[in-house]
1. Within the stretch 109-120, can you find the residues that are surrounded by 18 or more Cβ atoms within 10 Å (Cβ to Cβ), at negative phi and not β-branched (Val, Ile, Thr)?
2. Do you know which residues across the stretch 23-58 are within 11 Å of the chain's Cα centre (by Cα) and either within 26 Å of GLU69 (Cβ to Cβ) or part of a helix (DSSP H, G or I) (or both)?
3. Of these, ALA68, ALA17, ALA87, which one is outside any strand (DSSP E or B) and either assigned by TED's automatic domain parsing to the domain that holds GLY119 or of a type in the set (Val, Ile, Thr) (or both)?
4. Based on what the data block shows, is PRO2 farther than 22 Å from GLY123 by Cα, modelled with pLDDT under 95 and assigned to a loop (DSSP other than H, G, I, E, B)?
5. In this structure, does ASP13 turn out to be out of contact with any Lys or Arg (no Cβ under 6 Å at 6 or more places or on another chain), among the acidic types (Asp, Glu), more than 25 Å from PRO2 (Cα to Cα) and crowded, with 16+ Cβ neighbours inside 10 Å?
6. Is it the case that some residue within the stretch 42-61 is out of contact with any Lys or Arg (no Cβ under 6 Å at 6 or more places or on another chain), modelled with pLDDT under 95, crowded, with 18+ Cβ neighbours inside 10 Å and of a type in the set (Phe, Trp, Tyr)?
7. Go through (1) modelled with pLDDT of 95 or more; (2) in contact with a strand residue (DSSP E or B) (Cβ under 9 Å, 6 or more places away or on another chain) one by one and return the number of the condition GLY121 breaks.
8. Could you please let me know if THR89 is over 17 Å from LEU24 (Cβ atoms) and surrounded by 14 or more Cβ atoms within 10 Å (Cβ to Cβ)?
Amino acid sequence: MPRQLFITLPVTDIPRARGFYEALGFSINEAMSGENWACIAVSEAIFLMLSTHAQFREHSPKPLVLPAEGATCLFALSCDSRAEVDAMTAAALAAGGRSLHDPEDLGFMYSTAFEDPDGNGFGPFWMDPAAA
């Protein structure tokens, strides 16, 4: 079985967060979701585990740094085309996300950046396979 990556993100409102990620075209794994968490299937190998702040604190002894108040990490997500980068960013903004910067076009790579309503940052990008 190939490795899978599960990233836990703290969110303030599970239904709102679910709706945001569904608007990006990701699906919900209901078998791994509950009242205080939701499993977002980004791909067959990547999952976002959305967690209420209280639930998140149960999994980490460290103080919770709220994404809206300080950066903890940014997630770069590969896309199949420039159009997919733009479509994902447009969907994020329409669903309540916020743009972090205008598109960057380096010729061999194209990217944007946005954050979800809780401040978690994402950078969809396309890279020319010949340049990779």
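The values are calculated or read from the model by the stated rules, or taken from the named source; none is laboratory data. Quick caveat: nothing in here was measured; it's all calculated off a predicted structure. Don't worry about glycine lacking a Cβ; one is built from the backbone with ideal geometry, like all the others, and counts go over all protein chains shown.
1. Pass one, the stretch 109-120, residues surrounded by 18 or more Cβ atoms within 10 Å (Cβ to Cβ): 110-120.
So of that shortlist, the ones also at negative phi come out as 110-118, 120.
Listed by number, the residues that qualify are TYR110, SER111, ALA113, PHE114, GLU115, ASP116, PRO117, ASP118, ASN120.
2. Step one: list which residues in the stretch 23-58 are within 11 Å of the chain's Cα centre (by Cα), which gives 24, 26, 40-42, 46-50.
Of everything in the stretch 23-58, those that are within 11 Å of the chain's Cα centre (by Cα) and either within 26 Å of GLU69 (Cβ to Cβ) or part of a helix (DSSP H, G or I) (or both) turn out to be LEU24, PHE26, ILE40, VAL42, ILE46, PHE47, LEU48, MET49, LEU50.
3. ALA87
4. Details: farther than 22 Å from GLY123 by Cα: yes; modelled with pLDDT under 95: yes; assigned to a loop (DSSP other than H, G, I, E, B): yes.
Answer is yes for this residue.
5. On the way: out of contact with any Lys or Arg (no Cβ under 6 Å at 6 or more places or on another chain): yes; among the acidic types (Asp, Glu): yes; more than 25 Å from PRO2 (Cα to Cα): yes; crowded, with 16+ Cβ neighbours inside 10 Å: no.
Judged against the criteria, ASP13 is not a match.
6. Yes, the stretch 42-61 contains at least one residue that is out of contact with any Lys or Arg (no Cβ under 6 Å at 6 or more places or on another chain), modelled with pLDDT under 95, crowded, with 18+ Cβ neighbours inside 10 Å and of a type in the set (Phe, Trp, Tyr).
7. Condition (1) is where GLY121 drops out.
8. Values: over 17 Å from LEU24 (Cβ atoms): no; surrounded by 14 or more Cβ atoms within 10 Å (Cβ to Cβ): yes.
Judged against the criteria, THR89 is not a match.
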